[in-house]
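Chemist: A single structure is presented below for examination.
The values are calculated or read from the model by the stated rules, or taken from the named source; none is laboratory data. Quick caveat: nothing in here was measured; it's all calculated off a predicted structure. Cβ: placed from backbone, ideal geometry, glycine included. Neighbour counts: every protein chain shown.
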Amino acid sequence: MQRQLILNLLAMVFTALISVPSWAQPGGAPTGDVVPREVREIYEKGLQYLLDSQTDAGNWQDGYSGPGTTGMAMMAFLASGEDPNFGKYSVQIRRALRSLIRSQDASTGYMGDSMYQHGFAMLALAEAYGAVDEMDLWEGQTGAKQRSVGEALELAVRCAITSQSKNPHQAWRYSPNARDADTSVSGAILMGLLAARNAGIEVPDGAIDKAIGYFTSMTGDSGVVGYSGGMGGFGQSIARSSIACLVYSIAKRKDLSQYEAAKRYVTKNSDEQSHYAEYARYYQAQALFQADIEAWEKWNRTLIRQLKSTQNADGSFSGQFGKATSTSLNLLALALNYKFLPIYER
């Protein structure tokens, strides 16, 4: 009787241990933080909408569509902390991952119809790499042998580096062959490259240095960040200043004066309104979280109230980019409360 009791207790301990999400990187999970109930409710309703609206092909088509949107939605599932291999969203994650890889040009590595799409898709591949067990990713799928996540990510990185090498500004614009550049597209690509590097994919240091050089040239002393070309300091934008603040942080360039300027702007103008509200929230959340945790906590409380009051009955959010993209961007802004995505670590 006593022996059976001990065996039962050992089984309970073992079950508790294996139920912890092993894919989250050390330090990636909340340490002692309790996720507010309102956050969980908003997030779970949003994920239910994404679950219901995903196509059999693994993508989303309600509004903007493409591998960028698919990548954002997949990251929203990954950021929930549910086990990506056995949790309740594992089927949706795998469908999305297959969709991303299938969207990729096998020779160039390009995903989507713009470098925006490519950047967000590359970021999503990097966040899935090492987290999703690929043993049965392509099981039962017809067609030619498909690439692994690592192979697809390496191809995506190569595409971005090739595009940068042909660009006079050593940055990126909408087309992989563009001769001009802007900080918005460049932010999407650079975050994808930084995430790939963090995941163990080889990314040349020179490519990161040149991209950061472009951002420093576009960042004014006031922290205002220019949009396009080779000069900074024109037109206020909380989104662009947040992008710059974030890439400096993730690239570990907080010693730059341009980082300090962008940080001051983002923290002092956290209530600035943007025409692209969801897009701005996505970057603002990450920038504040990296730059000033107390400023983020204050801003986050306002974000929760905003999202609670604007979420649709079906769990979606309406916005300029359609429901799927807008919902994904808002959920990812909220996902800092969970802290599960590797790219969200401080």
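Chemist: Could we say that Ser237 is surrounded by 16 or more Cβ atoms within 10 Å (Cβ to Cβ) and either without any contact (Cβ under 8 Å) to a residue 40 or more places away in the chain or polar (S, T, N, Q) (or both) here?
Modeler: yes
Chemist: Next question. Residues to consider are Ala126, Ala76; find the one that is in a helix (DSSP H, G or I), within 16 Å of Gly150 (Cβ to Cβ), in contact (Cβ under 8 Å) with a residue 60 or more places away in the chain and touching a helix residue (DSSP H, G or I) at 6+ places or on another chain (Cβ under 9 Å).
Modeler: Result of the check over Ala126, Ala76: Ala126.
Chemist: Then there's this: Please give the number of the condition Gly140 fails out of (1) assigned to a loop (DSSP other than H, G, I, E, B); (2) among the small types (Gly, Ala, Ser); (3) closer than 16 Å to Gly71 by Cα.
Modeler: (3)
Chemist: Scanning the range 267-279 for residues that are of a type in the set (Gly, Ala, Ser) and either in contact with a Lys or Arg (Cβ under 9 Å, 6 or more places away or on another chain) or over 25 Å from Leu123 (Cα atoms) (or both), which turns out modelled with the highest pLDDT?
Modeler: Out of the qualifying residues, it is Ser270.
Chemist: State the number of residues belonging to the range 36-63 that are assigned to a helix (DSSP H, G or I) and either among the charged types (D, E, K, R) or in contact with a Cys (Cβ under 8 Å, 6 or more places away or on another chain) (or both).
Modeler: Residues in the range 36-63 being assigned to a helix (DSSP H, G or I) and either among the charged types (D, E, K, R) or in contact with a Cys (Cβ under 8 Å, 6 or more places away or on another chain) (or both): 7 in total.
Chemist: Something else: Do we find that Leu137 is modelled with pLDDT of 95 or more, on the phi < 0 side of the Ramachandran plot and either within 19 Å of the chain's Cα centre (by Cα) or surrounded by fewer than 23 Cβ atoms within 10 Å (Cβ to Cβ) (or both) in this structure?
Modeler: no
Chemist: Okay, moving on. Pairs needed: first member in the range 284-297, without any contact (Cβ under 8 Å) to a residue 40 or more places away in the chain; second member anywhere, in a helix (DSSP H, G or I) and polar (S, T, N, Q); C-beta distance under 6 Å; at least 6 residues apart or different chains.
Modeler: Asp292/Thr267; Ala295/Thr267
Chemist: Within the range 257-298, can you find the residues that are over 10 Å from Ile238 (Cβ atoms) and in contact with a Phe, Trp or Tyr (Cβ under 6 Å, 6 or more places away or on another chain)?
Modeler: Within the range 257-298, Tyr259, Leu288, Phe289, Trp296 meet the criteria.
Chemist: Within the range 324-346, restricting attention to residues that are assigned to a helix (DSSP H, G or I), in contact with an Asp or Glu (Cβ under 8 Å, 6 or more places away or on another chain) and at pLDDT below 90, which residue is farthest from Gln286 (Cα to Cα)?
Modeler: Applying the filter and picking the extreme gives Pro342.
Chemist: Under the condition of being of a type outside the set (Gly, Ala, Ser) and touching a strand residue (DSSP E or B) at 6+ places or on another chain (Cβ under 8 Å), which residue from the range 146-158 is farthest from Ala121 (Cα to Cα)?
Modeler: Per the criteria, the residue is Arg147.
Chemist: Look through Gly226, Gly233, Gly220 and report the one residue that is in contact with a Phe, Trp or Tyr (Cβ under 6 Å, 6 or more places away or on another chain), more than 22 Å from Tyr344 (Cα to Cα) and modelled with pLDDT under 95.
Modeler: Sole residue among the options that is in contact with a Phe, Trp or Tyr (Cβ under 6 Å, 6 or more places away or on another chain), more than 22 Å from Tyr344 (Cα to Cα) and modelled with pLDDT under 95: Gly226.
Chemist: Further question: Residues in the range 175-187: is at least one crowded, with 20+ Cβ neighbours inside 10 Å, acidic (Asp, Glu), under 23 Å from the mean Cα position of the chain (by Cα) and not in a helix (DSSP H, G or I)?
Modeler: Checking the range 175-187: at least one residue is crowded, with 20+ Cβ neighbours inside 10 Å, acidic (Asp, Glu), under 23 Å from the mean Cα position of the chain (by Cα) and not in a helix (DSSP H, G or I).
Chemist: Of the conditions (1) under 21 Å from Ala160 (Cβ atoms); (2) crowded, with 21+ Cβ neighbours inside 10 Å; (3) not acidic (Asp, Glu), Arg197 satisfies every one except a single condition; which number is it?
Modeler: Condition not satisfied by Arg197: (2).
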